[in-house]
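These notes are about the structure you will find just below.
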Amino acid sequence: MGRDRSTYTGLPREKIKWHPRIDKTRCNPRECGYHCVSFCPFKVFSRVDGTVVVSNPSSCNVGDESCRFQCPLGAISFPTREELKMMLKTVREELERNAS
C-alpha cells in the first residue's frame, strides 16, 4: 500500500507550490530518451508532443530533488530550500487565517 501523499507535515499538498521545473532550453528528450519520465516513480513528468512537461506537480515528494540529479542535461531544477520554507510558512499562515 502506498503512502498518503495528500499532505506534507500536516499541510494540504496541493497548496504547496514546490515541484520540479524544466528548462526548455536544456531539455532534449531525444538525447536522453525521456529519462525523467521513466525515472520518476510518482509520474510527475509526462511526454507531450515530443517534449517533457510537469503534469502532476502535487505528486512530487516535497523536498526530494533526486530527479534533478538524474537529468543528464541539467534541465531540471527546484525551488531553493529558503523558497520552500517561505511556501510552507505562507500556507500555514493562510490556513490559520481561514480557521479563525
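Here are the numbers for this structure:
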read-out	value
Filter result (in a loop (DSSP other than H, G, I, E, B), within 12 Å of the chain's Cα centre (by Cα) and modelled with pLDDT of 95 or more) within the range 18-39	His19, Pro20
Flag for Arg97 being modelled with pLDDT under 95 and part of a helix (DSSP H, G or I)	yes
Qualifying residue in the range 90-98 (condition: under 13 Å from Trp18 (Cβ atoms), surrounded by 14 or more Cβ atoms within 10 Å (Cβ to Cβ) and in contact (Cβ under 8 Å) with a residue 12 or more places away in the chain)	yes
Of residues in the range 28-57 being hydrophobic (A, V, I, L, M, F, W, C) and touching a residue at least 40 places away in the same chain (Cβ under 8 Å), the one surrounded by the fewest Cβ atoms within 10 Å (Cβ to Cβ)	Cys32
Some residue of the range 1-17 being free of Cβ contacts under 8 Å to residues at least 40 places away in the same chain, part of a loop (DSSP other than H, G, I, E, B) and either among the aliphatic types (A, V, I, L, M) or surrounded by 15 or more Cβ atoms within 10 Å (Cβ to Cβ) (or both)	yes
Residue in the range 45-64 that is aliphatic (A, V, I, L, M), in a loop (DSSP other than H, G, I, E, B) and over 10 Å from the mean Cα position of the chain (by Cα) present	no
When residues of the range 65-92 are limited to those that are among the acidic types (Asp, Glu) and outside any loop (DSSP other than H, G, I, E, B), the one nearest to Thr7 (Cα to Cα)	Glu83
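The values are calculated or read from the model by the stated rules, or taken from the named source; none is laboratory data. Here the structure is a predicted model, which means the values were calculated and not measured. Here the Cβ is made from the backbone with ideal geometry for all residues, glycine too, and neighbour counts use every protein chain on show.
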